[in-house]
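Take a look at the structure below.
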Amino acid sequence: ELDVVEYRKNLAIRVSGVDVPKPIKAFADCGFSNVLMNAIAKQGYEKPTPIQCQALPIVLSGRDVIGIAKTGSGKTAAFILPMVVHIMDQPELKKEEGPIGMICAPTRELAHQIYLEAKKFAKPHGLRVAAVYGGMSKHEQFKELKAGSDIVVATPGRLIDLLKMKALTMLRATFLVLDEADRMFDLGFEPQIRAIVGQVRPDRQTLLFSATMPRKVERLAREGLTDPIRVTVGEVGM
Ligand code: ADP
Ligand code: MG
């Protein structure tokens, strides 16, 4: 226990919440499949970053997480790897009922980056990743979603459009990630985010990542997450 306190302190990790799992020291501590371990090695990721050390075991345990760490700290893999595990754990992978993993990001550039990272870890397991954001043909995205997906990475506006067009359903979605939540609020996406959260079954696992935690984001986290654990790495602004 003292070990854990010391280890967190060395990595500038702070946690709050009940029954917080211990941070891991290596990817090998996560119980990942060989397929995932190979994909991690192929990325050149030798050891987990601090946010990954603490967030991975929490997310893998099924808990909701509020993750606060600066840009470039490796937050994407902290949610993609457990998302792939979660999907592979589903007893029946019915292909036609929409994504199991849903990721919302504020801009098309960010959504595209997450899409590229998601593919690296999802493809080796045969999972299908779709990207849905503005500036690309809505018709093409409609067709892609109709063909089936396991993970969707989306900007909120375009996702709402495609949900209205019935390009996908949220019936299967049980793992929701709100990435860069503060920027989504800055860009005025609060209504869209609330609409999306309201469409995903309440027994979902929800993760919220943000560089800062202004009051509005705090409120969304309180309403949309269940018994979350908060993980902060380094210094954080409000
Ligand atoms: P964030 O979302 O926190 O801004 P990213 O997930 O985009 O950060 O990761 C930033 C960079 O670090 C990316 O180039 C990513 O490939 C790399 N990265 C992530 N995890 C690791 C790791 N464990 N070891 C080395 N590089 C990593
Ligand atoms: Mg990020």
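The values are calculated or read from the model by the stated rules, or taken from the named source; none is laboratory data. None of the values given here were measured: they were computed from a predicted structure. All Cβ positions, glycine included, derive from the backbone under ideal geometry; neighbour counts span all protein chains shown. For the accessible areas, the whole protein counts, side chains as well, though only heavy atoms, and no ligand, DNA or RNA atoms are used. Shrake-Rupley method; radii C 1.70, N 1.55, O 1.52, S 1.80 Å.
Laid out as a table, the results:
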item	result
Radius 12 Å from Cβ of L162, net charge of other residues (Lys, Arg +1; Asp, Glu -1)	+3
Accessible carbon and sulfur surface of segment 52-187 relative to its total accessible area, %, 1.4 Å	54
Rel. contact order, % - alpha carbon contacts under 8 angstrom, at least six apart, segment 58-123	36
Whole-number Å³ per residue for the convex hull built on Cα positions in the chain	118
Considering only the chain, percent of DSSP beta bridges that pair antiparallel, nearest 5	15
Cα long-axis angle, helix 75-88 against the chain (0 to 90 degrees, to the nearest 10)	70
Residues with amide H under 5 Å from that of F175, placed H, sequence gap 5 or more	M102, Q205
Once the Cα gyration tensor of segment 84-199 is diagonalised, semi-axes √(5λ) in Å	21, 15, 14
Phi-based couplings in Hz for segment 117-134 (Karplus 6.51, -1.76, 1.60; Gly and Pro marked x)	5, 4, 4, 4, 9, 8, 4, x, 8, x, 7, 9, 10, 10, 10, 9, 7, x
Under-13-angstrom lysine pairs by C-alpha in segment 98-181, whenever the two are 8 or more apart or on separate chains	5
Packing-based order for 156-163, 186-193, using average beta carbon neighbours within 10 Å, highest first	156-163, 186-193
Per residue accessible area in Å² of segment 154-230, where ligands, DNA and RNA are left out and the probe is 1.4 Å	44
Relative contact order computed over segment 1-153 (Cα-Cα under 8 Å; 6+ residues apart), in percent	21
Volume per residue of the C-alpha convex hull in segment 134-238, rounded to whole Å³	110
